[in-house]
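Any read-out appearing in this document is the output of simple, stated calculations on the displayed coordinates, not a laboratory observation. Bear in mind the structure is a predicted one, so any value in this text is a computation, not a measurement. Here Cβ is always computed from backbone atoms with ideal geometry, including for glycine, and neighbour counts include all displayed protein chains.
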Amino acid sequence: MEKKLILRGILAGAVAGLLAFLFARVFAEPQIGRAIDYENGRDAAQAALDKAAGLPAEAADPDLFSRTIQADVGIGVGMIVFGMAMGALFAVAYTVCLGRVGGLRARGLALAVAGGGFLGMYLVPFLKYPANPPAIGHEDTIRARSGLYLLMVVCSVAFLVGAAWLGRRLQPRLGNWNATLLAAGAFVLAIGAVMLILPPLGHLASNKQHFGDHPTETPLPLTDAHGRIVYPGFPADVLFSFRLYSVAAQLLLWSAIGLVFAPMAERLLRPRPEAALRGAAPVPA
Amino acid sequence: MEQGRTIPEGGLTLSSISVPRPAATPVVLPVSKAVLWLVGTAILALAAYYFVGVDQGAVSVFGKDMHIHEFVHDARHFLGFPCH
């Protein structure tokens, strides 16, 4: 049974990843293109400033893949592999939860686990460290940023599991409504405390040293030696659209995992009346 | 044509149509038996998550090579992972 469930989870994840890829290709790629144009323009302006100041030019990174490959194939492979991985994790969580989480049935449980995956693996970490388009993010801090982001993912998932367990423990004494509210409140308090403790990305030591006291790494206007703005800050509309589409794509991905998996699980888990009949009245030879 | 449609006398009573509520997700899998499959799947899934999201950025299993990073570059940004 667990093998069948896992296989269906991966299948649902692949379908979900494909849908998320199509969404990304249509909605996200134009924004990513604008972000990369901004980055190139800013690099050129910075190079001109450096040249005027007599500083050596920085060598550009070589392009291993063209933008066409990255925007048409790379993002597709990335989204589908991510979808399959999430579908597999989803199936593992679903299998463990089966019959252990109260009155939920096959399809309802699928949606509940998918909702938990969306919250824990993406949305709650996003609230603290939102997705950023290219051009945002300093190379020196990639280590710290990855560590902090993954820490947020681990805490969100762990606290969600803890909240589900707490809710189950409180349910007999307090009833469904109050137990759910209390468990949700405990989750918000615990993850809120972690969010308060972890530093904003702009406050990382190397950022404070090089860029001053800012909350994020989003590029501010570039100024010359006299303080005149020679290149604008990162366009706010591109940043907003990119983040909105990022949330939408993950919502689409997790909804698809839940909705594709639900009917397959229902069919798999339904007790088969014909099998029971056959067992009761064997066919005469 | 009308013969097939007979309405039972007295109609349906509530008790005759109420079916017992099917047990919530009827199967409880013994996790101890399925543990190998569950743990193995989780490890492979996390490895895929790592290669799409993290490898050749903060840490790298293939040293300085950047092919995976550059290939899935757009997906990495869009899925919310930190990138250069």
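Brief remarks follow.
- Net charge, A:Q46 excluded, C-beta distance under 12 Å - Lys, Arg +1, Asp, Glu -1: -3
- Rounded to the nearest 10 degrees, the angle from helix A:2-23 to the longest Cα principal axis of chain A is 40 degrees.
- Dipole magnitude (debye, nearest 20) for the range A:140-217, charges at Cβ of Lys, Arg, Asp, Glu: 400
- With Cα atoms, 0 to 90° folded angle of helix A:75-97 axis to chain A main axis: 40
- The spacing between the range A:80-109 and the range A:217-277, judged by their C-alpha centroids, is 19 Å.
- Count Lys and Arg as plus one, Asp and Glu as minus one, and take only other residues whose Cβ is under 12 Å from that of B:P30; the net charge is then +1.
- For the protein assembly as shown, a crude dipole built from +1 on the beta carbon of Lys and Arg and -1 on the beta carbon of Asp and Glu, taken about the Cα centre, is about 1960 debye to the nearest 20.
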